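Here the structure comes first, spelled out in structure tokens, and everything after it is commentary.
The values are calculated or read from the model by the stated rules, or taken from the named source; none is laboratory data. The structure presented is a predicted model; accordingly, all values stated were derived computationally and were not measured. Every residue, glycine among them, receives a Cβ derived from its backbone with ideal geometry; neighbour counts consider all protein chains shown. Note: areas computed on protein heavy atoms with side chains; ligands, DNA, RNA excluded. Shrake-Rupley method; radii C 1.70, N 1.55, O 1.52, S 1.80 Å.
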Amino acid sequence: MVKVDGRTTRGQENKKQIVQALIELIREGQPAPTAEMVSARAGVGLRTVFRHFKDMETLYREMTCAVEAILAPVLATPVQGETTSEKLMHAIDRRADMFEKLAPLQAASLVHLHESPYLRKRQADNVELQRFLLKAFLPADLVKDKILFEAIDLTLSIETWLRLRRDQQLSVNQAKKVLRRSVEQLLK
């Protein structure tokens, strides 16, 4: 029988609680929670936070694992539809659902982008991934039309979603309708 060290188990649990506390604070509208706020939410001391994470940057890195867990099932599901238009409409629904879950975490990342090379790299990687996924199901002639492709890519970006939802205060359904109409107009 393998002996389990209680301190190790407790340490791993504390680390999970700290990351979860950060995510909860961000989802509740606090885009830049302090270490003190995180420790209070996690129910651990400030020293415990910094025992597991040398700084807030390291904690934000750990948060990206949670983001990847949200993305994984969406990325594993192929876009459905027979026509380009049907595929784009399905992609809008998929992205809207994913962006809605990611919106607070993305907004928090944007707050820290200027001070974090890691977050800037993650942002660039995410943009490239979204572009790759779009190119994967669009017909080659549409992808080769650089201006049209860039317009569709911009329309279906998380930045557009954030503006529609947060700044323009549209509901999820209204925001999806705006994206659908925009893509339909671009395809004409």
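Listing for the model above:
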quantity	calculated
Positions within the stretch 65-83 being closer than 26 Å to S171 by Cα and part of a helix (DSSP H, G or I), in sequence order	A66, V67, E68, A69, I70, L71, A72, P73, V74, L75
Subset of the stretch 85-113 that is among the aliphatic types (A, V, I, L, M) and modelled with pLDDT of 90 or more - its residue that is most open to solvent (accessible area, probe 1.4 Å)	M89
Subset tally (residues that are closer than 13 Å to T48 by Cβ and either modelled with pLDDT of 75 or more or not basic (K, R) (or both)) for the stretch 4-24	10
Single unsatisfied condition, A107 versus (1) more than 11 Å from the chain's Cα centre (by Cα); (2) assigned to a helix (DSSP H, G or I)	(1)
Pair list, Cβ under 7 Å, 6 or more apart: the stretch 93-120 residue under 21 Å from V178 (Cβ atoms), other residue open to solvent by 50 Å² or more (accessible area, probe 1.4 Å) and assigned to a helix (DSSP H, G or I)	A103/R165; P104/R27
Any hit, the stretch 55-66, residues being farther than 20 Å from S116 by Cα and surrounded by 14 or more Cβ atoms within 10 Å (Cβ to Cβ)	no
Verdict on E82 being surrounded by fewer than 19 Cβ atoms within 10 Å (Cβ to Cβ) and under 30 Å from K188 (Cα atoms)	yes
